Amino acid sequence: MSMNRDNLFSFYRFVLLIFLQSFILSNLNLFGFINPNLYVLFFIIHKFNSDRTLLIFLGFLMGLLVDLLTLGSGGHTISTLTIAFLRPIIIRTSFGLNYDVLININEGTLASQRYIYVLTTIMIHHFVLYVVIFFNFESSLTILKNTLFSSFFTFIMIMISLGLFKEQND
C-alpha cells in the first residue's frame with residue numbers, strides 16, 4: 001500500500017512540476033534573463049534507491065514535455081537526461097561513504113550535504129541547459145551569467161519547496 005501511495009505522489013509531483021514550469025515559471029523572466037527551473041526538484045526529491053533506468057526515462061519524458069509545452073529547442077530534454085544519468089555520482093559525491101543506505105534527501109543527512117547535493121544538481125542542469133540553448137563559444141559569458149543567476153533563484157525556490165514536499169511520518 002505504501003509503495004502505491006509513494007508512486008502516486010511521485011506521479012502528482014511529476015505532473016505538477018511540468019505544468020508549473022511550462023505555464024507559469026517559463027513566462028517569468030526576472031531582470032529579463034533569469035528563469036528559475038523548479039522542475040529540477042523532481043530529480044532532487046526522487047527516492048535514492050529507485051530504479052535508475054526508470055529515472056532516466058522519466059528525465060527524458062519530463063524534459064521532452066517541458067520542451068514541447070514551452071516550444072523549447074531540446075535543452076530541457078538534454079539537461080534532464082544528464083541529471084538523471086549523473087544523479088548516482090552526484091549523490092555519492094555529496095553524501096560520501098554512506099550514500100547507499102540513504103532513502104531520500106531528508107533522512108539521515110546533514111544540512112551541508114543537502115545543500116551541496118541540491119546546488120550541484122541545479123548547477124549541472126543549468127549549465128547543460130544554457131550550453132544547448134546558446135551553443136556558441138562567443139556566448140560563454142552569457143552561458144555563465146545565466147547559469148549562475150538562474151541557479152541562484154532556482155536554489156532558493158527549491159529550498160522553499162523542499163518544505164512543501166517533505167514526507168510526513170505517519
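Which residue pairs have Cβ atoms under 8 Å apart, sit 6 or more places apart or on different chains, and have a first residue in the stretch 29-44 that is of a type in the set (Val, Ile, Thr) and a second that is assigned to a loop (DSSP other than H, G, I, E, B) and open to solvent by less than 10 Å² (accessible area, probe 1.4 Å)?
What qualifies is Ile44/Ile105.
Taking Ser73 as the residue in question, decide whether it is surrounded by fewer than 18 Cβ atoms within 10 Å (Cβ to Cβ) and either free of Cβ contacts under 8 Å to residues at least 24 places away in the same chain or acidic (Asp, Glu) (or both).
Spelling it out, it is not the case that Ser73 is surrounded by fewer than 18 Cβ atoms within 10 Å (Cβ to Cβ) and either free of Cβ contacts under 8 Å to residues at least 24 places away in the same chain or acidic (Asp, Glu) (or both).
In the stretch 103-129, what residues are farther than 18 Å from Ala84 by Cβ and either of a type outside the set (A, V, I, L, M) or touching a helix residue (DSSP H, G or I) at 6+ places or on another chain (Cβ under 7 Å) (or both)?
Of everything in the stretch 103-129, those that are farther than 18 Å from Ala84 by Cβ and either of a type outside the set (A, V, I, L, M) or touching a helix residue (DSSP H, G or I) at 6+ places or on another chain (Cβ under 7 Å) (or both) turn out to be Asn106, Glu107, Gly108, Thr109, Ser112, Gln113, Arg114, Tyr115, Ile116.
Which count do you get for residues in the stretch 35-56 that are closer than 22 Å to Ile133 by Cα and in a helix (DSSP H, G or I)?
Qualifying residue count for the region: 7.
Within the stretch 135-150, count every residue that is assigned to a helix (DSSP H, G or I) and without any contact (Cβ under 8 Å) to a residue 12 or more places away in the chain.
Residues meeting the conditions: 7.
Go through the stretch 105-119 and count every residue that is open to solvent by less than 50 Å² (accessible area, probe 1.4 Å), in a helix (DSSP H, G or I) and either of a type in the set (Ser, Thr, Tyr) or farther than 18 Å from Thr93 by Cβ (or both). Break it down stepwise before answering.
Narrowing the stretch 105-119 to residues open to solvent by less than 50 Å² (accessible area, probe 1.4 Å): 105, 109, 111, 113, 117-118.
Those left that are additionally in a helix (DSSP H, G or I): 111, 113, 117-118.
With the extra rule that they be either of a type in the set (Ser, Thr, Tyr) or farther than 18 Å from Thr93 by Cβ (or both), the set shrinks to 117.
Residues meeting the conditions: 1.
The values are calculated or read from the model by the stated rules, or taken from the named source; none is laboratory data. Worth saying up front: this structure is predicted, and the values here are computed from it rather than measured. In this analysis, Cβ positions are derived from the backbone assuming ideal geometry, glycine residues included, and neighbour counts consider all displayed protein chains. Surface areas here come from the heavy atoms of the whole protein model, side chains and all, with no ligands, DNA or RNA. Shrake-Rupley method; radii C 1.70, N 1.55, O 1.52, S 1.80 Å.
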